[in-house]
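Written out below as structure tokens is the structure these notes cover.
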Amino acid sequence: MATVIRGDDNFDTTPPAYGRVVRTAGNITTTSTSLVDVTGASITITTGASPVIYGVVQTAKKASAGNDFYFNIDIDGSLELGTSGLYMVQPTLDYDMNASFSGQSDVLTAGSHTIKEQWRVSSSTGTIRANTTTNHQFYVRELR
């Protein structure tokens, strides 16, 4: 076990809570123009009174011109990236683009928290690659 010097210059030997999910078996699609959960991208961890960092490693593809993506993180029912979320424009039709992102929450209350990636499209169908060649990863780690 490692000893960590916290931001208040005290020592902490309790390991931070973390979780990671990797999807490799089947692309994820949506036609929803309202935020929906990304299949399999949900983690429940128990934290102290600390913020968490979150991140997504993903490749996305649109099915039609004018179809843009919006991604967000839901922590216990509250959206981290505003009501619209992170907006990503894909300039070329049928092109795999890097749609990865990361961020940090505000300080959470001590206890159990469910953290999910959500997404929507502006129209048509959006695809997140999730196979053995191009997998989808979602992770959360408590900061102390």
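The values are calculated or read from the model by the stated rules, or taken from the named source; none is laboratory data. Predicted, not measured: the structure shown is a model, and the values here were computed from it. Positions of Cβ are generated from backbone atoms using ideal geometry, with glycine treated the same way; all protein chains shown enter the neighbour counts. Accessible surface areas use protein heavy atoms only, side chains included; no ligands, DNA or RNA. Shrake-Rupley method; radii C 1.70, N 1.55, O 1.52, S 1.80 Å.
Here are the numbers for this structure:
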quantity: Any hit, the range 56-67, residues being assigned to a strand (DSSP E or B), under 16 Å from Y18 (Cα atoms), modelled with pLDDT of 95 or more and open to solvent by less than 10 Å² (accessible area, probe 1.4 Å); calculated: yes
quantity: Test: residue in the range 88-99 that is surrounded by fewer than 19 Cβ atoms within 10 Å (Cβ to Cβ), touching a strand residue (DSSP E or B) at 6+ places or on another chain (Cβ under 9 Å), at pLDDT 95 or above and not β-branched (V, I, T); calculated: no
quantity: Among (1) within 15 Å of the chain's Cα centre (by Cα); (2) open to solvent by less than 60 Å² (accessible area, probe 1.4 Å); (3) within 19 Å of Y139 (Cβ to Cβ) - the single one A17 does not satisfy; calculated: (1)
quantity: Single residue of T127, T109, T29, T44 found to be in a strand (DSSP E or B) and closer than 30 Å to D8 by Cβ; calculated: T44
quantity: From T125, T83, T109, T114, residue being without any contact (Cβ under 8 Å) to a residue 24 or more places away in the chain, of a type in the set (S, T, Y) and open to solvent by 20 Å² or more (accessible area, probe 1.4 Å); calculated: T83
quantity: Which numbered condition Y95 fails, given (1) part of a loop (DSSP other than H, G, I, E, B); (2) aromatic (F, W, Y); (3) closer than 29 Å to A17 by Cα; calculated: (3)
quantity: Selection within the range 35-47 - over 17 Å from Q137 (Cα atoms) and open to solvent by 70 Å² or more (accessible area, probe 1.4 Å); calculated: T46
quantity: Check on S50, assigned to a strand (DSSP E or B), of a type in the set (S, T, N, Q) and either open to solvent by less than 30 Å² (accessible area, probe 1.4 Å) or within 19 Å of R141 (Cβ to Cβ) (or both); calculated: no
